[in-house]
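See below for the structure under consideration.
A short reminder: the numbers here are calculations on the coordinates, not readings from a lab. Please read all numbers here as calculations on a predicted model, not as lab measurements. Please note: Cβ atoms are built from the backbone with ideal geometry, for glycine as well, and neighbour counts cover all protein chains shown.
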There are 2 protein chains.
Amino acid sequence: MPRHVDKVFKALADPSRRELLDRLHANNGQTLGELCEGLHMTRQAVTKHLVLLEAATLVVTVWRGREKLHYLNPVPISEIYERWIGKFERHRLRALHQLKKGLEENSYD
Amino acid sequence: MPRHVDKVFKALADPSRRELLDRLHANNGQTLGELCEGLHMTRQAVTKHLVLLEAATLVVTVWRGREKLHYLNPVPISEIYERWIGKFERHRLRALHQLKKGLEENSYD
DNA sequence: ACAATAGGCAACCAAAGAGTTGCATGTCAA
DNA sequence: TTGACATGCAACTCTTTGGTTGCCTATTGT
C-alpha cells in the first residue's frame with residue numbers, strides 16, 4: 001500500500017471531518033465559510049480539519065480570488081475498499097447494502 | 001449512518017490494527033498468539049487492538065477451548081465505500097484501481 | 001494433579017489530537 | 001485607497017490513545 005494511506009485513515013477517523021466530507025458529497029465545491037455554517041466549532045478548527053483532509057487527498061482545493069473552493073476526491077476511499085474486500089465478496093456485499101438501505105431509515109452520526 | 005460507524009473509523013485509524021486486518025485477510029481464523037508472532041509489541045497491546053476491532057465488528061471471534069479464533073468481517077468496510085462513492089463513479093474507480101495494481105509494485109505500510 | 005500454555009484485567013505513562021484565542025495576510029468593492 | 005471580508009499561522013490547553021508492566025484466570029496434556 002502507498003505511504004499516504006495512513007493520512008487517509010487518520011483523516012477519516014474524526015466525525016467532524018466525515019461530516020465535512022458528507023457536506024461536500026451533498027454539495028461539492030464549497031468555500032471554507034460555507035463549510036463552517038451551522039457548525040458547533042470555530043472557523044480555525046474547521047480549517048485544521050480541511051488541512052488534514054487535503055493532506056490525505058480526500059479533498060482537493062482551488063483558489064478563486066480570496067475564496068478557497070473545496071472538492072471531494074473519492075479515489076482514496078475506493079482504495080480502502082479494494083484493500084480488504086475479496087473479488088467474490090463484492091456481489092454479496094453490494095446486494096446486502098441495497099437491502100439494508102431499503103430497510104433502515106437514517107439516524108446519521 | 002448507524003451509530004457504530006465511529007468505532008469502525010477509529011479502529012481503522014491505527015496502522016497496527018490495519019496490519020492485523022491484513023494478516024486475517026491473508027490467513028483467517030488465527031489465535032491471539034499467532035497474530036502476535038513477529039510483531040514489535042507486547043501481547044497486551046495486540047489484545048487491546050483486537051478488542052477495538054471486535055467492538056467495531058471488523059473482527060469476529062470464536063472460542064475453541066483456551067484459544068480465541070479471530071475472523072475478518074468485511075461488511076463495515078463495504079459500508080464506508082457505499083457512503084461516499086456515487087453510483088456512477090464506481091466503474092471508473094474500479095478500472096483505475098486495476099490499472100494502478102498493474103503498474104505499481106508493493107511498498108506496503 | 002499440576003506445570004505449561006492461552007488469554008484477561010488494571011494501573012500507569014508519554015505522545016498525539018481536537019479545539020480554543022489572538023494576530024497576520026491578502027483580496028474585493030465602494 | 002481603505003474598510004470589510006476570506007483565509008492563514010502560532011501558541012496553548014485538555015483529552016484521547018497506544019503502549020508498557022505486573023498480576024490473575026482458565027484450559028490443556030502428560
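The table for this structure:
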{"quantity": "Cβ-derived FRET efficiency at R0 41 Å, A:Ala45 paired with B:Val60, nearest 0.05", "calculated": "0.65"}
{"quantity": "Contact order relative to length of segment B:5-103, as percent, for alpha carbon pairs under 8 angstrom and 6 or more apart", "calculated": "28 percent"}
{"quantity": "Quotient of C-alpha Rg and 2.2 N^0.38 Å, computed over segment A:5-103", "calculated": "1.24"}
{"quantity": "Peptide-level mean, for A:12-25, of C-beta atoms on other protein chains within 10 Å", "calculated": "3"}
{"quantity": "Centre separation in Å (Cα based) which lies between segment B:8-40 and segment B:46-67", "calculated": "10 Å"}
{"quantity": "Sequence-distant residues sharing a close amide H with A:Lys68 (under 5 Å, placed H)", "calculated": "A:Leu32"}
{"quantity": "³J(HN,Hα) computed for each position of segment A:63-75 - Karplus, 6.51 cos²θ - 1.76 cosθ + 1.60, integer Hz, glycine/proline x", "calculated": "7, 10, x, 8, 9, 10, 8, 10, 10, 7, 10, x, 4"}
